[in-house]
Structures are given as structure tokens and as C-alpha cells.
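The values are calculated or read from the model by the stated rules, or taken from the named source; none is laboratory data. A quick note: this is a predicted structure, and the numbers were derived from the prediction, not measured. As a convention, Cβ positions derive from the backbone with ideal geometry for all residues, glycine included, and neighbour counts pool all protein chains shown.
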Amino acid sequence: MSGPGSSPNEKVVKQNEDPGDPFSEFTNAHVPAGSPETRLLSAFKNDTHTRKAYLAGRGKSAWKTFELRLVRKIKQQRSTDPTSRPEYPSSLGLTEFTRRATEVALGKSSRAIMEDRVLGVQTPGFTAAVRLGAELLRHWYDVCAVWSGPVYLSSPCDDSLAGIFQAAGIQDIRDYYYWDDTQRNVCLEKLLEDLSKAPQQSVVVLSASAHYPTGADLSQNQWAVIANVIMRRRLFPFFLLPPQALCYGDLERGSWPVHYCASQGMELLCAQSFSHCFGLYGEAVGHLLCVLKQNSLLFSMESQAVKIVRSLWAQPSVGGAHVVATVLSNPGHLIEWKEEVKCIVERCMLIRELLRERLRLLGTPGCWDHLTQQGGLYCFIGLNGEQLEFLSKKRHVYLFTSGCLNVSAINSRNLDYIVESIHLAVTTSF
Amino acid sequence: MSVFSEVPQAPPVAVFKLSADFREDSHPQKVNLGVGAYRTDDCQPWVLPVVKKVERLIVEDGSLNHEYLPILGLPEFRSASSKVALGDDSAAIKDNRVGGVQALGGTGALRIGAEFLRRWYNGVNNTATPIYVSAPTWENHNSVFADAGFKDIRPYHYWDAAKRGLDLDGLLDDLEKAPERSVFVLHACAHNPTGTDPTPEEWKKISEIMKRRSLFVFFDSAYQGFASGDLDKDAWAIRYFVSEGFELFVAQSFSKNFGLYNERVGNLTVVAQDGENLSRILSQMEKIVRTTWSNPPSQGARIVSKTLNSPELFAEWKGNVKTMAERVLLMRDQLKAKLQAQGTPGTWDHITQQIGMFSFTGLNPKQVEYMIKEKHVYLMASGRINMCGLTTKNIDYVAQSIHDAVTKVQ
């Protein structure tokens, strides 16, 4: 399938890829027993086909080098530090971490930070950050009554989100239009229509960047329009910043929507994850940000957040947060980290380009521009259920059941096979 | 106008406020007997030597990568934790009816257990099931069960202030009168805050009634090893109940006995009737974890797992735990001796009869206030002191302060 000479892009992909173990993408984490994803993983593991490919992992091998160099060094330093004290951290987490995490989301010169009206809480991972935000809303969004929604989630979205809000006692979960199958992109008009119809005081969950599972993000202009509707309709934005930096390799750009809304004077919640982008998957490093309108509310909100945390996990764990705080507060480390992120992002972009180019060369019907219009680790390929089943059953290529695939799981060894498989999936009549 | 304008200030957590006040106090002889963590004789937190060793091993181990743990946690941690609670020769483990859920500390383990019980125990989503907690108890027990959705949280008689010991009759009476299927939160050893545990004979009586009346056993085990210095001795109650055929939960914390306060290492051990039940229970717990923290942090669990699963490291750990327990026992002996030598009014036997980190001194709120304001000795309003806050350097001052409080303040 490959041409007589590899393209320059391919050469770069080959140079930077991890030669490791084909099983290294897996973890049976994140997947409840009996869920479609467990069955998928199980099917993959039992599959004996030599060319099988698993594109439904969470992308952790991308961070192997970074983790080996900088993260390990920092952990070694901490383990030999005679001044480290084993005692309970604050329920809010490490101060240095929350400070840096807040700066990452809002920008150092954010007015909200300078006016001291931002609450930052370290949480054991991203899910926990969303859960804490949901609990805060449930208890305090409407002081007169226990608030129970509505919460609007994008369609599609991470399928665990609804469950988190429900676990916090919020039952009224609705969705707003996001991904359009035909356009293979976000449909802003329909999105705005849905938001305009949402009852006042609704909470809207928005992916600031690297939307999961589609990988399709909004432009700055689109964000400005959405922010307007939110303000006009008195909706409350709850931002998600999961593998934030991976999308653009540029921290600021990834969190721009959050900066923007804060700069417009809006109140908002923002759940962040640092586990992915520091290769600290196992360490559960999350953060919940709450931007308030007035500084006078900070103490109350903080005390209520502490109260909620106390009966959930009491205090977060410090190891991972310490690594993140160390990297973010040290200019040298920060440069090293940004370089690493840039490499990963560039590699993902190259793979996307190769995918698109190969499909074009094969004459695969359809438009594949969305592959390069989107960014980040995850890509919504745009195949339907039958095509996905064909891929896994007949070609032994496993994607997420949502039709999303992990770009970083594609490498020079499986690229041809995968492209061929996609081509067959699209051209075979069912 | 902020949507949060009406949010009231929540009261601060008492024990943390106490520590904050202590930190701001500039008195040269100040002593903090409020903190719930181990301190050395130099009043420093202590990184267990075995923990330091294992941490280094883990950091240097290049083959380990930092992947997400499964939702239920590190498998070798879960099994080792349950084994340490139930014993190496546990029949229940051999019968494959014991499982574990790695959790964020003891609190996380309690919360997952509570959430499960609210959803699936005594009917479906029965928030009316009475939850009994000891009077007094660790105050967070109330919050955990209330926030898990239970509406009826009640005290059971426990501490007898007059006799400064266990109110066994009151306790047994509460067990007889509790609605069937009520949940009882029992402290496996080193009761917090009283330091007073039932004797084996008393546990047998408790067990008999609980079995007869179908009451649910939920152990909170935060001090195994720390109480007597002997892991097996401290787990006697848990193991007895398991041998009596109870289905039960044990919320385990490794914060104190591993000194891993800041890595949040806990495990919810589930002892089910059989393997099939166990598997269904765990599947539901997995769903609960998925919407709480999804994947637990790996660092602490790896340290504990590596230690518990290596005979050499396990032995070293037991030694470290004994060191802590013995220092506490020494302080107990010395404090009682000094109070008796001073002729401080009252009996002080309870100081050495009580077990674990805490002692319920019997000081009343006024006396406690005197201790804090006049003597700069910080303790909880209940009269609870953390024995770990005592050192050979401050014990004379503390004994003297107690003497003054008892003689000057009624």
C-alpha cells in the first residue's frame, strides 16, 4: 500500500513514535464491568488476528518520554526531601497547585484573580472535579431550594457526565445540539437555538477545548456569540478542560473560552484535568475552578466546598499535584514541558494529515477534511454503527463505540492497514 | 448579582480550627494535643522508614508506568488490604467471598460503602434505614452517611462519662431496640474519640444481638496495628464477626499506620455471603466510584501494596508500626504516673486503659477552655487529647496544666 518512498510526514511520525508494546494503550480503567467499552477491550484482547489495532485507548503512551525524564526526576527529589511532611493536606489541596491551575485556566493577569474572587479546589481527578462542581450547584445554586437542574450536556458528550450529575442528585439532564453528522462539524445555529430555548438559570456544560468525543471545537468568534446568549438568557457555564493542552500545544489557546467568559464578568465553574497532559494518569490530578462575581463570596463558597469535600474524600492526594505544581512554577521545567506537548500535538496533526491524505489517494468516498480541521488526541471519524462493527469484527480495528478514535494509537506499522480498513468500511454495502 | 450571594458560611471543622489557632499562638510552651496524626518525640511527623524505602524503589522502577488504575483500584493492593484485616488464614478469603474497593482514605471507603447501602440495602434506595453511630464518634461519620442520602442517623450509647468507660448496658439496649436491619457503625479498635474498646467478651455479646436482630455491621478500621502494636490483636473484632458468618463492610484507612495521610490510601473490604453476591456488589460499587472519582490515585496504594506483599517489607512495616504504638503507650504510662504523683484529684486509670491515639481525659469544657487560654495546651472541647502530641519534653508541662485545670476550674 505504501508508495515507493515515504512522505516527509511519515518519516517524522516514524521517528517520534514509541516502539513499545502494542498492548501499552490499555487500561481497563474508566470502564465499568459489562459496559460496551469493557466488551470492546475484552474482544480485542481475545482477538488473535495479527493486524488487530486498538484505537479506543486513552493515549497514555504518548507521554512516556516526558514521564521518564522530568516527572521521574521531580518524584525522586520529593522522595529524598527531608522537609516533606506526611500529614493531612488541606481539603482544598496544595495551595501552589491550585494557584497554578487557576492561572492556567484564567491567565496570570486575569482580573478575577487580581480581585481575589476565584475559588480553586484540588480534586482527585477530573471526574471528582465535575462531581464537586455538581454538588456545589445542587446545594447552592438556589439557596431557597435544593437545585435539581436542568443541566445541558453537548450531544454527543462523554457518556459518564450524566451519571456524575445524577449521583450529585441532579436528575434533570438535557442535551444541546453540537455535532452535526452531515457537516462533520459543530452546527452553531442549532446549538444557539437550543441554548436560547433553555430555561433561565440552566447550567450548560461546555468543552473549552479538545471536545470529547468529537475533537471538534468552536472558534473564538463562535465562543463570543455563545457567551452572549449565555449572558442574555442568564445561563450558567460549566466548562470542561480535560486534556487541555493537547489540542493546540498552547495552554492559553486551549483555555481561551474560559479566559474570555471570565473577562466578560461571568460567573462560571471549570473542571480541569492535569492527569493526561503530565503523563500522570494514575495520579488523579484534577481541579475545580469557581469564578465569582464578588470577592465577598469567596469565604462562604470555600467553606461550603470544604464541607462537601469532607464527606466525599476528605482531602485529595498530594503526589501528582506536587509534580504539576513543580513543573508549572519552574520556568525551565515549563519550557521542557511545553516542548514535549508540542511534539505530541504535532505528531497527532501529522497522523491526521496522513490519514486524510491516504483516504483521498484511495478515493474513499466522502469528505475527510474534518480530520485535519479538528485537533488533539481524539478524532470523531464519522462512521456509523454498522461500519464500526465491520471494522471490529471483520478488520479487527477497534474504535470507541461512539465512532471516536485515539489518533496517537496510529503509527507507521498500522497506518496502512487502518486506512485500508476505513476505506473498506465506507465502501462495503451492508 | 452573583448567583451565590446568599450562600452562608459553613462552620469550620473543629479539629482543623484548633490546629489553626495553635499555629497562630506564639506562646513558647504551647502544645497541640488536637491533631489526629502521629508525632515523634520531637513533635515531628514521621515518614516510616519502610515507606521511604518503598517510595524510592517505586520511583526507580522504570517498568512502572503511570497508567490509570482500574476503577476498583490496584488489585494487589485490594487483596493485600483485605488480607491484613481478615488474616492470612481467613476462611472467607479462601471461599472467594471477600473483595475490596480502593478508596480515597478511610473517608472515601466509608462514603462508597454508605452510597452502596443507601441504594441497595434494605430495599432499593431506602433512605429511611436507621444508621447508628456511637455517642460520641468521629464527627465525620454523621456527614458521610447524611450526604450519602440517609435521613435517619441516630446515636447508640457508648461512652459513660461518670464511670469513664464503656456504657455496655446502654449499648446492648440500643441494639435490642434498634429496628431490624439498621446499620451500626462500629470502631474496629482504638475508638475515636474515647480510646475505649469493648473487650472480646463484650464484642461477643454485641455480635449475638446483631446476628439475632439482623443488624448490619459496618466496621471503621483506621488504626489497625497502631492501637496495641499488634495487627492481629487489633483486628480481633473484625475477624470474630466474620467467623460468626456476618456479611459486613470494613472501611480501612492506611493514613495512620503507614503515615500516608497525604496520599489518601483506603480500602473498603466487602465480606459477602458468597462469590456470586460479591461480584454483584462490586459491580454496583464500581458504578458508584465511576461517578465519584472514577480512578483512584496510585501512589499510596502502590506503596502499601508493595509493602504488604513482600515478607521482608511487611516485617519491617510491623516493626515501624510497633514503634509508633509503643511511643503512645509510653506516653500513656508517663502521663498517668505524673498525674498520680502530683496528687491530681480524680482517678487516672483510664489513661492507660484506653487504647490508640486518643484519650478522653474527662476534662469538662470549662477546664478545656482554661487549658487552651491560660496554658496554651490545645485539646478538643470534648476533652479528647492526642497522645502523640505528648513528648518527653512537654509532658511535665501538660501534667501540671491538667492539675491546674482540675483544681482551679469546676
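Data for the structure
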read-out: Counted residues, region B:127-150 - those being more than 18 Å from the chain's Cα centre (by Cα), more than 13 Å from every other protein chain (Cβ to nearest Cβ) and surrounded by 16 or more Cβ atoms within 10 Å (Cβ to Cβ); value: 2
read-out: Odd one out for A:T27 among (1) closer than 25 Å to A:N406 by Cα; (2) among the polar types (S, T, N, Q); (3) at pLDDT 60 or above; value: (3)
read-out: Only one of A:S392, A:S402, A:S412 that is assigned to a helix (DSSP H, G or I) and either buried (at least 16 other Cβ atoms within 10 Å of the Cβ) or out of contact with any helix residue (DSSP H, G or I) (no Cβ under 8 Å at 6 or more places or on another chain) (or both); value: A:S392
read-out: Residue match in region B:56-63 (condition: farther than 30 Å from A:M266 by Cα, in contact with a Leu (Cβ under 8 Å, 6 or more places away or on another chain) and in contact (Cβ under 8 Å) with a residue 40 or more places away in the chain); value: yes
read-out: The listed residue being in a loop (DSSP other than H, G, I, E, B), surrounded by 14 or more Cβ atoms within 10 Å (Cβ to Cβ) and not charged (D, E, K, R), out of B:P12, B:P70, B:P28, B:P8; value: B:P70
read-out: Residue identified as surrounded by fewer than 23 Cβ atoms within 10 Å (Cβ to Cβ), modelled with pLDDT under 95 and in contact with a helix residue (DSSP H, G or I) (Cβ under 9 Å, 6 or more places away or on another chain) among A:E283, A:E252; value: A:E252
read-out: Total residues in region A:202-229, condition under 11 Å from A:Y152 (Cα atoms) and surrounded by fewer than 22 Cβ atoms within 10 Å (Cβ to Cβ); value: 1
read-out: Number of the exception - A:T214 against (1) assigned to a strand (DSSP E or B); (2) over 17 Å from A:G133 (Cβ atoms); (3) not acidic (D, E); value: (1)
read-out: Residue list for region B:317-349, filter: under 24 Å from the mean Cα position of the chain (by Cα), touching a residue at least 60 places away in the same chain (Cβ under 8 Å) and either under 30 Å from A:P124 (Cα atoms) or buried (at least 18 other Cβ atoms within 10 Å of the Cβ) (or both); value: B:W317, B:K318, B:N320, B:V321, B:M324, B:A325, B:R327, B:V328, B:M331, B:L335
read-out: In region B:102-113, the residues that are farther than 13 Å from B:I71 by Cα and facing chain A (nearest Cβ under 9 Å); value: B:G105, B:G106, B:T107, B:G108, B:L110, B:R111
read-out: Top-ranked residue in region A:111-126 [being in contact with a Phe, Trp or Tyr (Cβ under 6 Å, 6 or more places away or on another chain) and modelled with pLDDT of 95 or more; ranked as nearest to A:A271 (Cα to Cα)]; value: A:Q122
read-out: Scan of region A:107-132 for residues that are assigned to a helix (DSSP H, G or I) and within 17 Å of the chain's Cα centre (by Cα), ordered by number; value: A:F126, A:T127, A:A128, A:A129, A:V130, A:R131
read-out: B:L110, sole failed condition from (1) closer than 30 Å to A:E283 by Cα; (2) part of a loop (DSSP other than H, G, I, E, B); value: (2)
read-out: Index of the failed condition, B:I355 passing every other in (1) surrounded by fewer than 19 Cβ atoms within 10 Å (Cβ to Cβ); (2) touching a residue at least 12 places away in the same chain (Cβ under 8 Å); value: (1)
read-out: Conditions (1) within 28 Å of A:Q315 (Cβ to Cβ); (2) assigned to a loop (DSSP other than H, G, I, E, B): number failed by B:F246; value: (1)
read-out: Residue, nearest to the other protein chains (Cβ to nearest Cβ), within region A:86-115, restricted to residues that are of a type in the set (D, E, K, R) and surrounded by fewer than 15 Cβ atoms within 10 Å (Cβ to Cβ); value: A:E115
read-out: Tabulated pairs, region A:149-170, first under 16 Å from B:I112 (Cα atoms) and not assigned by TED's automatic domain parsing to the domain that holds A:T401, second in a loop (DSSP other than H, G, I, E, B) and not aliphatic (A, V, I, L, M), C-beta under 6 angstrom, 6+ apart or interchain; value: A:G163/B:T291; A:I164/B:T291; A:A167/B:T291
read-out: Which listed residue, of A:V118, A:V130, is within 10 Å of another protein chain (Cβ to nearest Cβ), touching a strand residue (DSSP E or B) at 6+ places or on another chain (Cβ under 8 Å) and buried (at least 20 other Cβ atoms within 10 Å of the Cβ); value: A:V130
read-out: Checking A:A321 against (1) at pLDDT 90 or above; (2) under 22 Å from the mean Cα position of the chain (by Cα); (3) outside the structural domain of A:A105 (by TED's automatic domain parsing), the condition it does not meet; value: (3)
read-out: Conditions (1) away from chain B (no Cβ under 14 Å); (2) farther than 24 Å from A:H259 by Cα; (3) at pLDDT 95 or above: number failed by A:C187; value: (2)
read-out: Hits in region B:193-219 (condition: closer than 25 Å to B:L363 by Cβ and surrounded by 21 or more Cβ atoms within 10 Å (Cβ to Cβ)); value: B:P193, B:T194, B:G195, B:T196, B:D197
read-out: Breaking point among (1) more than 10 Å from every other protein chain (Cβ to nearest Cβ); (2) under 22 Å from B:K256 (Cα atoms), for B:L74; value: (1)
read-out: Which listed residue is of a type in the set (S, T, Y), buried (at least 16 other Cβ atoms within 10 Å of the Cβ) and in contact with a strand residue (DSSP E or B) (Cβ under 7 Å, 6 or more places away or on another chain), from A:S148, A:S160, A:S154; value: A:S154
read-out: Residues located in region A:275-320, provided they are without any contact (Cβ under 8 Å) to a residue 40 or more places away in the chain, polar (S, T, N, Q) and at the interface with chain B (Cβ under 7 Å from one of its Cβ atoms); value: A:S300, A:S303, A:S311
